[in-house]
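Working notes, structure below.
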Amino acid sequence: MFANVLIVCHANVCRSPAAEMLFKARQASASIAFHSAGIRAMNGHGMDPVMRHLLAERGVASGAHHSRRLDRRLVRSADLVLVSERAQIGEVEALDPASRGKVFPLGKWEDLADVADPHGGEESAYRESLVLIEHLVMGWLKKIC
C-alpha cells in the first residue's frame with residue numbers, strides 16, 4: 001500500500017500539479033497523500049492559469065498551489081514517484097540513487113513514454129494534455145487504491 005505519492009514534471013506549474021489535484025479529487029478515500037514537485041522548478045510560482053481554468057471546468061479545485069523544486073528529501077519520503085517524461089526517471093534516480101524501483105512514468109500502464117508539456121502553448125494542447133493526465137491518473141488509482 002502506498003501512503004505518499006509524489007508526481008514530478010519539469011517546473012511544477014502545469015502537468016504535475018494537474019495530476020496531483022486530479023489524484024486528490026478522484027481517489028475513493030483520502031488514505032493516500034499526493035504531492036508534486038518539479039525537477040527545475042523555482043519555488044513559489046503559482047499554477048499555470050490555463051491549466052487551473054481547465055481543472056476548474058472539470059470541477060477540480062487547484063487550491064493555492066505553489067511550485068517547489070524536487071530534492072532528495074521529497075524523493076526519499078515518497079513511496080511512489082511518478083514522472084511526466086521517461087527521461088525524468090534518470091534525473092530522479094541521480095538525485096537519490098535509493099529511489100530506483102519506485103520511480104515510474106505516469107503513462108506506465110498505457111506504454112506511453114511522455115506526457116507532452118503544454119506550458120506556453122495553445123489551449124488545445126493544454127486540453128489534450130489534461131485529458132491524457134486524467135486518464136493516466138485513473139489508471140494509477142485502479143492499481144494503488
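Considering segment 1-119, there are no qualifying helices (runs of 4 or more DSSP H) wholly inside with 2 or more residues that are on the phi > 0 side of the Ramachandran plot, aliphatic (A, V, I, L, M) and under 15 Å from the mean Cα position of the chain (by Cα). For Val103, the conditions (1) hydrophobic (A, V, I, L, M, F, W, C); (2) under 16 Å from Pro17 (Cα atoms); (3) surrounded by 19 or more Cβ atoms within 10 Å (Cβ to Cβ) are fulfilled apart from (2). Close Cβ contacts (under 9 Å, 6 or more residues apart or on different chains) running from residues in segment 35-62 that are of a type in the set (Lys, Arg) to residues that are part of a loop (DSSP other than H, G, I, E, B) comprise Arg40/His10; Arg40/Ala11; Arg40/Asn12; Arg40/Leu70; Arg52/Gly46; Arg52/Ser62; Arg52/His65. From the list Ala87, Ala61, the lone residue that is surrounded by fewer than 19 Cβ atoms within 10 Å (Cβ to Cβ), at pLDDT below 95 and either farther than 18 Å from Met21 by Cα or among the aliphatic types (A, V, I, L, M) (or both) is Ala61. Can you say whether Leu70 is more than 23 Å from Glu110 (Cα to Cα) and touching a residue at least 40 places away in the same chain (Cβ under 8 Å), as far as the supplied structure shows? In short, yes. Scanning segment 126-141 turns up one or more residues that are over 17 Å from Phe23 (Cβ atoms), modelled with pLDDT of 95 or more and either among the basic types (Lys, Arg) or open to solvent by 70 Å² or more (accessible area, probe 1.4 Å) (or both).
The values are calculated or read from the model by the stated rules, or taken from the named source; none is laboratory data. This structure is a prediction, so every number in the text was calculated from the model and none was measured. Positions of Cβ are backbone-derived with ideal geometry, glycine not excepted, and every protein chain shown enters the neighbour counts. Accessible surface areas use protein heavy atoms only, side chains included; no ligands, DNA or RNA. Shrake-Rupley method; radii C 1.70, N 1.55, O 1.52, S 1.80 Å.
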